[in-house]
Structure formats: C-alpha cells, structure tokens
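Following this message is one structure expressed as structure tokens.
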Amino acid sequence: MNPLHERLEHLSRRHFFKAAGIAAGRIALGGMLLPELARAAANKSHAPHAHPALPGLPHFAPKAKRLIYLFMNGAPSQIDLLDYKPGLGKIYDTDLPESVRNGQRLTTMTSGQTRFPIAPSKYRFQQYGQSGMWFSELLPHTAKLADDIAVVRSVHTDAINHDPAVTFIQTGNQIPGKPSLGSWLSYGLGSECDNLPAFVVMTPRWSAKRDAQALYQRLWEAGFLPTKHAGVALRSKGDSVLYLNDPPGVDPAGRRNLLDALAKLNQAEYRKIGDPEINTRIAQYEMAFRMQTSVPELTSIAGESAATLALYGPEVTSPGTFAHSALMARRLAERGVRCIEIFHREWDHHGDLTRDLPLQCRDVDQACFGLITDLKQRGMLDETLVVWGGEFGRTVYCQGKLERDNYGRDHHPRCFTMWMAGGGIKGGIVHGETDDFSYNIIRDPVHIRDINATILHCLGINHRALTYKFQGLDQRLTGVEEANPVKAILA
C-alpha cells in the first residue's frame, strides 16, 4: 500500500464522479429525511433511532421483535434428550443394519471401526404437558415447557464436522466469511436501542470434563456487511466489554471532547474519500461512549427480585455461567437489543457421554426454563423468539467401547432436534419424525436453511428479499438453494 498512489487514485476522474454521485445521494437523502427530522424535533418522543431498519423492512407484520438464540456448540445427542426411541433397548449391542446406514459417509473418528454397535440411551423418558411430549430425565425443567415450545425432530445439515457445520448454521454457508444471522438482523431491522449494540454474544463456561471445540469470533462477525452489524461479545471476567473504561487521567468530559474532535476529522476524511466504513467508525465511537453508562447498568442485577433469580437456578448470580447469561439475555431483550446469542460449548461427546452430558444439561436446563418463564411473566415471550439447538446430531451407534452405563456417539448430520418458542411459534407441537434408530428422517425434513428462513419469517422478513450485493451477487442468509419457513410450527 502506497499512500501517495492512494491519494493520486482518489484524485482521478473516476473518483471525482464517484464522490459527486455520493454527494448527490446525500443531498437527495437529506431532502427525503428533512420532513421526518422536523417531525422528530417537534416530538422528541418519536425521534428516529440512531440505527433504524432498512426502508421497507419488516416486509410484513412481525410476530417477534427480537431473537434469543441458545446455541449448544458441539452437538447435543438427540437420542438421549428429545428423540425417544424405546425399541433400541431390545437390540443393544447389535450392529446397525447397513440398510439403515445406507453408505452414509463417516467421520475419521469411526470410519475405522469394524462394528457399529447400537447404543440405546440409558436415560428414562417421560411424557409432559397436554401435548404429551417426550423428554429425557436430564431435562426435567425444560420438560415443564412442553406446551410452550415447538420441537423439530427432523432437522438436517450438509456438514459432518464441527467448524463447517457451525459456520453453516450461523451464516448460511460452510465457507467462512459470510455475515452471521445476528448481523443480518441488525442490518435489516436495525435496533430499538441507542445505548447498546443491536447484536450481543455471550460465551459462558461449561461443566463437562474435557476441552471444548474452538469457537471463532467470525461466527458473529458481519462478513461483507458494514462492520457496525458485527456482534459484540459481553464478557464475564474483567471489563464486560473491552476498552469500555476510561484510562487513568481521562474523565467523561475529556473523552466527549476527544470524540467530538475525532468525529470532525473523520467527517472531513469521509467528504474526501466517501468510504462508508468511516461513518461506521464514527457511529461505533459514539456507541462505545454511550455504553460506558448503559453496560454497567445492564450487568448490575441488584434490582432483580429473589423470585426472578430463583427461576434461573443457583448459578444465576455467578457471572460466566449459562444461568447468568440467560438472565443477561432477558435484560438485553427488554432494553431493545435485536439479537442475543449464547454459545454454550462442549456438547461433543465421542466418549464418556454419560459422565459429561448430565453436567451440560445441568448447566442449561433450569436456566432455559427460567428464561422462557421470565419472558412469559413479563409479557415479552409473544414478541421474543427463542431458539435452542446445535450444529448436527449424534449417531445411534457407539464410538469406541460400548458399555451399558457408558458410551460415546459420533457426529450425525442426517437428523437432529431443535426447539423454538415465543413470537410466531405454535407451542405444544412436535414436527418431523425419524426412523426407529434416529438415523434417517421419515417425515417432514427440515434443512437448516429452513430453520433460518423460519427465524427471519417470525421477525417479519421474507428471506428471499433480504439481500446484499457482494461479488456481483445478491447475497442472502439462506443462499440460492430452496428454503422455506416451517409453516407447521408457525402460530
């Protein structure tokens, strides 16, 4: 990069016409906005948000205003939690029939096995609610939500390994670099909050006795969208958001003066170059200044009642736990944050499943119940979409040594289970069905593109119409292949 060459390029005829076009656009935009700004000045209570929705969005009346995504990173075992297969007990340790596996590709972790022995779940299942949903004994609190949630047992994906599978469900593509779901929502719908980001991410600790799969920041970044739509990580240790506190010797008044001067310099540079990322940077500095006040208020739970805290379980007062993150999700939602995502790691149980799966469920079970119940009690559930699930499922056959009380399961993309609740979702239903081995889908398959289309639909977005021009294509979250909202679970 040569600064002199860059400056000469900016002075070219092409740059002149580009700058002239941008200037004309600003003049036209200003003319269109003047009536709105005048009305806002006359009635400050109806002032436009600093980060508004795109023109024309939402495409239709939304059922939900916001999304809380509870992502179980590593892939929870559907057979041991939500997809009850009572007949497997009779065929314990028999080989999975080839007619069922049907040549499915395997990971390198089990491709060398000489046998694929059936491993029935050791956990008891019971029916709950008027709907009669089956839940594992590992999810006693979630089971109490049976009539509030829609369970989808027939989700499937194209990826068989963690990183491409997580990238796929989060961004709509197995190849890194695309915008995340939360970034698309921020871009399309904007934010109802001027003091917090539109997209916030939390990564609580886990209890399983093993290291977790890597979790990359690109999973909540904005890809080719403007960087202001990237997710902001809310940390559990140290500063809640990095670099939010003023350094020693700097007071708020001094910081305000510094930002005002910096904004003038950036605006002058924008007038010369026309790079929209300069305006993004100005907006980010302003947001960071406001967050110096809003984040401490957000993270203080001193005003929460004992009854509310009890909903989430005993770990709710301990920052860094899933329970505390779930409470933060509710607090973010009621402050107008558009998308809140919690990545809970280490659901990857190739071995010692019976040691680690109960620990993971203990982390999240009561907190998920507490979150849904808390939202419902506050009248917020009808306008908040809550999604729970991982990146793929687990195999019915055992990986490694099979014992009655201990076994492991490999990755399985052909079928897995997710649940959804809240705005736009019909409670108390089970959608989709798998075979007796929870290996193949036999009714109502739902691709992860359909899951993402359903999420967008609940928030009033036609997934085919939310696009962004990049590399000569109208890019979208659900890609170019067929995708449709799952109408059977829509309220």
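By per-residue mean of other Cβ atoms within 10 Å, what is the highest-first order of 99-105, 203-209?
Ranking, from highest mean packing down: 203-209, 99-105.
Can I ask one more? Straight-line reach from K264: which aspartates and glutamates have Cα under 19 Å away, leaving out those fewer than 8 places along the same chain?
Here the aspartates and glutamates satisfying the reach criterion relative to K264 are D275, E277, E286.
May I pose another question? Of all beta bridges DSSP finds with both residues in the range 53-489, what is the antiparallel percent, to the nearest 5?
Percentage antiparallel, nearest 5: 50.
Please rank I68, I442, I79, fewest neighbouring Cβ atoms within 10 Å first, as an exposure proxy.
I442, I68, I79
Treating the angle as unsigned and between 0 and 90°, give the value, to the nearest 10°, between the Cα long axis of helix 276-299 and the longest Cα principal axis of the chain.
Approximately 60 degrees, to the nearest 10.
How big is the charge dipole of the range 269-388 about its Cα centre, in debye rounded to the nearest 20, if each Lys and Arg gets +1 on its Cβ and each Asp and Glu gets -1 on its Cβ?
400 debye
Under a Cβ-Cβ cut-off of 9 Å, what is the net charge of the residues other than F289 that fall near it, where Lys and Arg count +1 and Asp and Glu count -1?
Residues close to F289 contribute a combined charge of +2.
Can you tell which of I448, P97, Q217 lies farthest toward the positive end of the dipole of the chain, using +1 and -1 charges on the Cβ of basic and acidic side chains (Lys, Arg; Asp, Glu)?
Result: Q217, furthest along the dipole toward the positive end.
Among L332, G428, L357, which residue has its Cα positioned farthest towards the positive end of the charge dipole of the chain, with +1 placed on the Cβ of Lys and Arg, -1 on the Cβ of Asp and Glu, and the dipole taken about the Cα centre?
L332
Another one. Which order do T454, T354 fall in if you start with the one that has the fewest other Cβ atoms within 10 Å?
T354, T454
Still on this model: With just the Cα atoms defining each centre, how far is the range 161-176 from the range 199-273? Give it in Å.
23 Å
Towards the positive end of the charge dipole of the chain, with charges on Cβ (+1 Lys, Arg; -1 Asp, Glu), say which of A233, L185, T373 has the farthest Cα.
Comparing the listed Cα positions along the dipole, L185 ranks first.
Where the centroid of each part is defined by its Cα atoms, how far is the range 372-433 from the range 74-98 in Å?
Each part's Cα centre sits 16 Å from the other's.
To continue, here is another question. Does anyone have the angle between helix 252-273 and the longest principal axis of the chain? Alpha-carbon axes, 0 to 90°, nearest 10?
Helix 252-273 sits roughly 80 degrees off the main axis of the chain.
Further question: May I ask for the Rg/Rh ratio of the chain, computed from Cα atoms with Rh as the Kirkwood radius, given to two decimals?
In the chain, Rg relative to Rh is 1.01.
For the Cα atoms of the chain, what angle does the longest principal axis make with the long axis of helix 162-171, in degrees from 0 to 90, nearest 10?
Result, in degrees: 50.
So for W388, W184, fewest C-beta neighbours within 10 Å to most, what's the order?
Fewest to most other Cβ atoms nearby, the residues stand as W388, W184.
Let me ask you something else. Rounded to the nearest 0.05, what FRET efficiency do R105 and L359 give with R0 = 25 Å and r taken as the Cβ-Cβ distance? Could you check?
0.25
Right, something else. Taking just the alpha-carbon atoms of the range 409-475, what radius of gyration and Dmax come out, in angstrom?
15.5, 46
Every read-out reported here was derived from the displayed coordinates using simple, explicitly stated rules and does not represent laboratory data. Bear in mind that the values here come from a model prediction, so they are computed numbers and not experimental data. Here Cβ is always computed from backbone atoms with ideal geometry, including for glycine, and neighbour counts include all displayed protein chains.
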